[in-house]
Amino acid sequence: MTGNDQTQPSDADGSGAEARRSPTPGDAPTSHDAGPYGHPSHIGPFRILRRIGEGGMGIVYEAEQDRPHRLVALKIVRPGIVPADVLRRFELEGEFLGRLQHPGIAQIYQAGVEETEYGRQPYFAMELVRGKRLDEYVRSHAKSLREKLLLVADLADAVQHAHHRGIIHRDLKPANILVTESGEPKILDFGIARAAHGHLVATVQTVAGEVLGTVSYMSPEQIAGDMSGLDTRSDVYALGVILYEVIAGRPPYELDRKSLAEAARVIHEVEPTRLRTVSRDVPADVETIVAKALAKEKERRYSSAADFADDIRRFLRDEPIAARPPSAAYQVRKFARRHKAIVAGVAACVVVLIIGVAATLWQAGVARARARDAELEKAKAEAVTGFLTEMLESVDPSQAKGRDVTMRDALDAATARIDAGTMTAQPEVEIAVRNVIGLTYAGLGLLEPAERQLRAAIAAGARSNAKPGLRGDSYARLVNVLYESGKFKEAEMAAEEALKLRREAFGPSNRDVASSLDDLGAVIMAQGDADRAEPLMREALALKKSILPADDPKIAVALNNLAFLTWRKGNAKEAETMFREALAIDRRRSEDNPEIAIRLTNIAVTLRDQNKPEEAEPLVREAIAIQRRILGDEHPQLANTLDTLAGTFEDRGNHAEAERILREALAIAVAAGVQNDQARLNGNLGWVLWKSGKYAEAEPMLRLAVESIARTYGPTHRNMRIATSHLAHALNSRGDTAAAEATANDALGRFRKVPTDRAVVTALVALSHALIAGGRLDEAAPHLREALSTFAGPVPVPIRFAWMKGEAESTLGGVLAAQGQPAEAEKLLLAGYESLRGQRATPPARVRIAIERLIAFYDAAGRPSETAAWRKRLEDVDGSRGGR
């Protein structure tokens, strides 16, 4: 990455449906809450805590589940006599949700029927989502058009997931969507969903022509009661209404005081109020996207929710959208049906007028552009210089009026001035100054204000149609800020836009174009897609070497990023060489350079992978000293470097020191608000706690890691596979066999999609432990043999998992002993113990368990001398651990 590049390779060792608002104390359920029938304090394995929502069909409670221990949203049909069609609809909602596995849809955990004093009580338990209704969230949080568009695009992704599995929602509306604190929308209620095909259609539609849904969000075919005409485009219509509403703050039609018949007439016949007449600053392309989604004829709408989301994102990347305003012929036909008498003359005049105005504006624009170019460049330079001068003067004691003024104070004051509109009349000057402010904020580790300023610069560029090179600079700076913030998808979009604009401005052979190629590869690599990232990075390096001096720092950046990718692909030695080449370039430039800390840390990680933690530690400590001196003690880059230092202690079995350092790193990441660092550090800390035998602390930390990694890195990232495996190990150690098996299977399924990832051994071992605990030895043995064959393969297993070879050998030896194969069992048990004992990173508990397996084996074989010898060794191990 330009600036903060691809930071050091990280160790990835690694709520409620229907909750319309956060529950408050005193909301505990009572018989009054539940109506005349009351409700039990427990339903199935769930203890009810409080009511958090209700609808016409059901009540939703916050409830607690013991195994696994978690809070859930428990949805039940209202107690009492309920019509069979309502019960069936409730059952279908559980069936629908059970098919869906998407971060944008509240996940169902369990469904059942419980016999209670009020009769048979159907229920299902689902993910407890804490958040605000979509409309409330938009009012309080999503202030910019970009934020609103991204929210609805994410929502459309979730709807597409449901459509892909044959489910149409039919009641999409803000009341059925919560947005979490992290800004993720989640669809909650599928109570009137229907299958796109198949036998479920008839069971949901109990009365011919029945209208189900909320009128304001119904498509013309839905409000007509034409259930056979409903398809995925009906949900696209609802998404269009939602997008209109989150932008305009009001729906496209005012239907509140209208009868159903009148509302149906309006939806069928009346065109919605044009979006740009309600919100005048909305770009024309956004109005076009909304209009296409709201087309009355479903054939004119987007064919899928995915197409709708794609067009939103095309607009956000400043690419041509797929939607086009309705053609002139179409508009004339629509107008003619309403005003037949005046169509011909007016239509002809409009066409002539449009052509004349366009030609005049074009000619005037060319003349003005030629006249102002020289003055504009001069004004930009003077404005940036003036800004820097004023900022530095504000730090001068003579100007500070007795205050201790920090750089942050100066930046905030400068931001307030430019936000007040002092440069609105000079948009390109405004862009240049905001770029400087954003870059300076980012240099201080203040990522949120940096992002705001750079997005404001981009918005100014879009409004004024600024030159591509200047707009490309804004996007390039934004890439770095988004990358540091862990917003990798957004960073990828910004990098693509920067590359496009720079190619347009400078052609293919340019240093800025090369940097944008590198940036794009780096953010793609951060999402775990090495195959897509590698050609971009190699092209960037080749281009930089062809046009730049050999010691140019931009070459060091390209080498660093390609080395990171090489390391990720398992070649630590080659990566080390490339990192050292980049370090040499940086050291020639200056010793007081934060990039040197990044290179040192990256080299340390490759040394760890070559089982050289003693060589790695001094490099990391040098990097930390540089960062503390230059960046301070609270910069997020320091958290990354401390993470690597902790890894060098973990490699040597000093888990207590690793834990201490990881807690310091996590505190920095939390204070800085960097979500992806927090996610990774939670996983690393949870794993170290597990290796230390602190299982009660490890499990919740690893659960948090899995949840936050899925949110920040994405469900397919390598960090997710490893963190899920580690959670399975923690669940095994806590005795939660069923949850451990399910979690290990989840992890193994993720690894199966990336067969080159040798860290699969951790999932295989975790799954075998869960199966053995359940008495299923025959099922466990193949997984253990697969783990051992992975260690024997041509591609090495990452060194931090090397101790698992001994664990797989020892565990398989125990299985074979129980199956009556003593000869092979003894060899594996002894080899496993020796391997575990020989690895400093082995968790102490695994060595102890390996000895206990040998004691059990020799005791069962009737060999008392060997039994006694191993008992003595166990006593020695316990003694060396302080009797723990």
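When restricted to residues that are modelled with pLDDT of 95 or more, surrounded by fewer than 21 Cβ atoms within 10 Å (Cβ to Cβ) and closer than 18 Å to LEU784 by Cβ, the stretch 734-746 contains 1.
Going through ALA514, ALA540, ALA530 one at a time, which residue ends up being closer than 17 Å to ARG477 by Cα and either surrounded by 16 or more Cβ atoms within 10 Å (Cβ to Cβ) or in contact with a Pro (Cβ under 9 Å, 6 or more places away or on another chain) (or both)? Before you say what the answer is, go through the steps one by one.
Values: ALA540 fails: closer than 17 Å to ARG477 by Cα; ALA530 fails: closer than 17 Å to ARG477 by Cα.
Selected residue: ALA514, the only one of ALA514, ALA540, ALA530 that is closer than 17 Å to ARG477 by Cα and either surrounded by 16 or more Cβ atoms within 10 Å (Cβ to Cβ) or in contact with a Pro (Cβ under 9 Å, 6 or more places away or on another chain) (or both).
What are the pairs with Cβ atoms under 6 angstrom where one residue, in the stretch 776-794, is farther than 18 Å from SER835 by Cβ and the other, located anywhere, is open to solvent by 40 Å² or more (accessible area, probe 1.4 Å) and part of a helix (DSSP H, G or I)? Sequence gap at least six, or different chains. That search, which allows pairs on different chains as well, returns LEU777/ALA818; ALA780/ILE772. Say whether the condition of being open to solvent by less than 60 Å² (accessible area, probe 1.4 Å), small (Gly, Ala, Ser), out of contact with any helix residue (DSSP H, G or I) (no Cβ under 7 Å at 6 or more places or on another chain) and more than 21 Å from LEU777 (Cα to Cα) is met by at least one residue in the stretch 841-852. The answer is yes; a qualifying residue exists.
Total residues in the stretch 783-833 satisfying the condition of being more than 26 Å from ALA861 (Cα to Cα) and β-branched (Val, Ile, Thr): the figure is 4. One residue stands out among those in the stretch 486-506 that are open to solvent by less than 20 Å² (accessible area, probe 1.4 Å) and either in contact with a Phe, Trp or Tyr (Cβ under 6 Å, 6 or more places away or on another chain) or assigned to a loop (DSSP other than H, G, I, E, B) (or both): the one that is farthest from PHE315 (Cα to Cα), which is GLY486. Go through (1) surrounded by fewer than 23 Cβ atoms within 10 Å (Cβ to Cβ); (2) within 17 Å of SER216 (Cβ to Cβ) for ARG314 and report which single condition fails. Tallying (1) surrounded by fewer than 23 Cβ atoms within 10 Å (Cβ to Cβ); (2) within 17 Å of SER216 (Cβ to Cβ), ARG314 fails exactly one: (2).
Go through the stretch 275-286 and give me each residue that's surrounded by 13 or more Cβ atoms within 10 Å (Cβ to Cβ) and either in contact with a Gly (Cβ under 7 Å, 6 or more places away or on another chain) or not small (Gly, Ala, Ser) (or both).
Narrowing the stretch 275-286 to residues surrounded by 13 or more Cβ atoms within 10 Å (Cβ to Cβ): 275-276, 278-279, 282-283, 285-286.
Residues satisfying the conditions are LEU275, ARG276, VAL278, VAL282, PRO283, ASP285, VAL286.
Taken over the stretch 140-151, the residue count meeting the criterion of being at pLDDT 85 or above and open to solvent by 20 Å² or more (accessible area, probe 1.4 Å) is 7. Of the set (1) touching a Ser or Thr at 6+ places or on another chain (Cβ under 6 Å); (2) surrounded by 24 or more Cβ atoms within 10 Å (Cβ to Cβ); (3) aromatic (Phe, Trp, Tyr), all apply to TYR695 but (2). Residue selection: PHE801 fails the criterion of being in contact with a Gly (Cβ under 9 Å, 6 or more places away or on another chain) and either loosely packed, with under 15 Cβ neighbours inside 10 Å or not small (Gly, Ala, Ser) (or both). Across the stretch 85-139, the qualifying residues are those that are surrounded by 19 or more Cβ atoms within 10 Å (Cβ to Cβ) and among the β-branched types (Val, Ile, Thr), and the one among them that is modelled with the lowest pLDDT is ILE108.
Looking at ALA667, ALA658, which one is surrounded by 24 or more Cβ atoms within 10 Å (Cβ to Cβ) and under 28 Å from ASP633 (Cβ atoms)?
On the way: ALA667 fails: surrounded by 24 or more Cβ atoms within 10 Å (Cβ to Cβ).
Exactly one of ALA667, ALA658 is surrounded by 24 or more Cβ atoms within 10 Å (Cβ to Cβ) and under 28 Å from ASP633 (Cβ atoms), namely ALA658.
Only one entry in THR648, THR577 is out of contact with any Gly (no Cβ under 6 Å at 6 or more places or on another chain), open to solvent by less than 10 Å² (accessible area, probe 1.4 Å) and not small (Gly, Ala, Ser), namely THR648. Does PRO755 meet the test of being open to solvent by 20 Å² or more (accessible area, probe 1.4 Å), of a type outside the set (Phe, Trp, Tyr) and either closer than 19 Å to LEU828 by Cα or under 33 Å from the mean Cα position of the chain (by Cα) (or both)? It is true that PRO755 is open to solvent by 20 Å² or more (accessible area, probe 1.4 Å), of a type outside the set (Phe, Trp, Tyr) and either closer than 19 Å to LEU828 by Cα or under 33 Å from the mean Cα position of the chain (by Cα) (or both).
The values are calculated or read from the model by the stated rules, or taken from the named source; none is laboratory data. Here the structure is a predicted model, which is why all the values come from computation and not from measurement. Glycine gets a Cβ as well: all are built from the backbone with ideal geometry, and neighbour counts include every protein chain shown. Protein only, heavy atoms only, side chains kept; ligands, DNA and RNA dropped before computing areas. Shrake-Rupley method; radii C 1.70, N 1.55, O 1.52, S 1.80 Å.
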